[in-house]
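To keep things clear, I will list the structure first and then write my remarks on it.
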Amino acid sequence: MGHSHHDDDIQTIIENAQKTCVEEGVKLTPKRENILIAIIKAGEAVSAYELAEVYRELYKQPIPAMSVYRILDFLVELSLVHKLTSANKYIACSHISCSHNHEIPQFLICEECQSVTEIGVKNNVIEELRGSVEKTGFKLTTQQLELKGICANCQ
């Protein structure tokens, strides 16, 4: 389990999320807000189906997986949530409660316990990596790295 957020944390996060939405000219509907809260409360990377479960427990109402996917896409667009492509899971951005522009998020995924740690990597490192990759004619579709390994707890 990741670190869990306190309710006042969540309040700050929602306020920041609403600000982001206003800046982007989009709406943080109650359902979108609830999904965001559910993913923060999950405290770890979850699949859309797991998230639907969390949502049902929190709000005592079912939500179709399709809606969850749509809302997740929306939250990913705004960088409030990150998608871990390799695991097909989603995780709340760990800088979600601070408004500064951050480094491109990279993820360390533990092969034992599946925990995910978000780390910032300097943009020039990513640029350099992208340069080396694209020299081979390979086109990167994302700047996001997902590195597999064993976390400190599992070692």
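The values are calculated or read from the model by the stated rules, or taken from the named source; none is laboratory data. Only a predicted model underlies this, so the values are computations on that prediction, with no experimental measurement involved. Glycine gets a Cβ as well: all are built from the backbone with ideal geometry, and neighbour counts include every protein chain shown. Please note that ligands, DNA and RNA were not included when accessible areas were found on the heavy atoms of the full protein model with its side chains. Shrake-Rupley method; radii C 1.70, N 1.55, O 1.52, S 1.80 Å.
Structure above, values below:
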read-out: Residues that are more than 11 Å from the chain's Cα centre (by Cα), hydrophobic (A, V, I, L, M, F, W, C) and modelled with pLDDT of 90 or more, drawn from the stretch 56-106; value: Leu58, Ile63, Ala65, Met66, Val68, Ile71, Phe74
read-out: Extreme residue, nearest to Lys89 (Cα to Cα), among residues of the stretch 100-149 that are exposed (fewer than 13 other Cβ atoms within 10 Å of the Cβ) and aliphatic (A, V, I, L, M); value: Leu147
read-out: Residues (of a type outside the set (D, E, K, R), open to solvent by 40 Å² or more (accessible area, probe 1.4 Å) and part of a helix (DSSP H, G or I)) located in the stretch 23-53; value: Pro30, Tyr49
read-out: Unique residue being hydrophobic (A, V, I, L, M, F, W, C) and within 16 Å of Glu33 (Cβ to Cβ) when the list is Ile63, Ile91, Ile119, Ile126; value: Ile63
